[in-house]
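K.L.:
First the structure, then my questions, so here it is.
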Amino acid sequence: GSPKKASDSQKKAADKMSELSSELQAAQKAMNEEENTEDMQAIRQMLSNLIQLSFDQEALMGKVKTTSINDPQYTSLAREQKKLRDDSKMIEDSLLALSKRNPKISPLVNKEVTNINMNMDRAQQALGDRNTSEAQNREQQAMTSVNNLALMLNESLEQMMAEANAQSKAQCSG
């Protein structure tokens, strides 16, 4: 009767392993879904911050366009550009963290973040030098990079939401 007992205990062990494997897969899946939810929330926040930065940059461009270089207020425009540059730093840190977790977007994020930094710095310098046309050009280029990042994040968010919907539909029908 000993081979039968050994066979039964092996079957019980195999069943237990199968059960543990299923539990582990379910836990892994739940963790992935939670990570995706956190990523989607982070992306929504970054998207909101980028849109605000874009609007702020556009508003500053309007002021630069209408403020004479002889106006005493002109020097405050350089300070305002510096504040936008400082605000972009926080967004940059979040974007770079996201791009490390998602290698597909990394090259675009790095390129646009570099462009934003360079153009905002040069815009601030041009404002300090009272070079309005150069400042406007650099502000426009910075804004374009901000908008490119916002579009890319929006596409990523839509893709993540579509994948999440597809997974939940598959679970319901499965």
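The values are calculated or read from the model by the stated rules, or taken from the named source; none is laboratory data. Everything numeric in this text was worked out from a predicted model, so none of it was measured. Keep in mind that these areas ignore ligands, DNA and RNA; they rest on the heavy atoms of the full protein, side chains included. Shrake-Rupley method; radii C 1.70, N 1.55, O 1.52, S 1.80 Å.
K.L.:
Once every DSSP H run of n ≥ 4 in the chain is given -39500 (n - 2.57) and the sum is divided by its residues, what mean residue ellipticity at 222 nm do you get, rounded to the nearest 500 deg cm²/dmol? Show your work: numbers first, answer last.
P.N.:
Details: 4 runs with 158 residues, N = 174.
Theoretical 222 nm ellipticity from helices: -33500 deg cm²/dmol.
K.L.:
Mind jotting down a quarter of the surface of the convex hull over the alpha carbons of region 34-174, in square nanometres, one decimal? Mind dumping the intermediate values first?
P.N.:
Details: hull surface 34.6 nm².
One quarter of the hull surface, i.e. the mean projection, equals 8.6 nm².
K.L.:
Roll a 1.4 angstrom probe over the protein heavy atoms and tell me the percent of accessible area of region 21-174 that is carbon or sulfur. Working shown, then result.
P.N.:
Details: 4800 of 9200 Å².
Of all accessible area on region 21-174, carbon and sulfur atoms account for 52 percent.
K.L.:
Connecting C-alpha atoms closer than 10 Å in a GNM of the chain, tell me which of R138, R85, R101 has the biggest fluctuation.
P.N.:
R101
K.L.:
Compute the helix-to-body angle for 132-173: its Cα long axis versus the longest principal axis of the chain, expressed 0 to 90° and rounded to tens.
P.N.:
Between helix and principal axis, roughly 20 degrees.
K.L.:
Working from Cα positions, state the angle (0 to 90°, nearest 10) between the long axis of helix 74-101 and the longest principal axis of the chain.
P.N.:
Taking Cα atoms only, the helix is inclined about 20 degrees.
K.L.:
Mind putting together the pair-distance distribution for region 93-174? All Cα pairs, 5 Å bins, whole percent per bin, short to long.
P.N.:
Cα pair-distance distribution for region 93-174, in percent: 3, 15, 17, 16, 12, 11, 10, 6, 4, 3, 2, 1, 1, 0.
K.L.:
Let me ask something else about it. Using the Cα gyration tensor of region 22-81, with a ≥ b ≥ c the square roots of its eigenvalues, what is the shape: rounded (a/c below 1.5), prolate (a/b larger than b/c) or oblate (neither)? Spell out each step's value before the answer.
P.N.:
Details: a/c = 11.00, a/b = 5.86, b/c = 1.88.
Taking the square roots of the gyration eigenvalues as a ≥ b ≥ c, region 22-81 is prolate.
K.L.:
Over the chain, what is the relative contact order in whole percent, taking alpha-carbon pairs under 8 Å and six or more residues apart?
P.N.:
Details: 122 pairs, mean separation 45.5, N = 174.
Relative contact order for the chain comes out at 26 percent.
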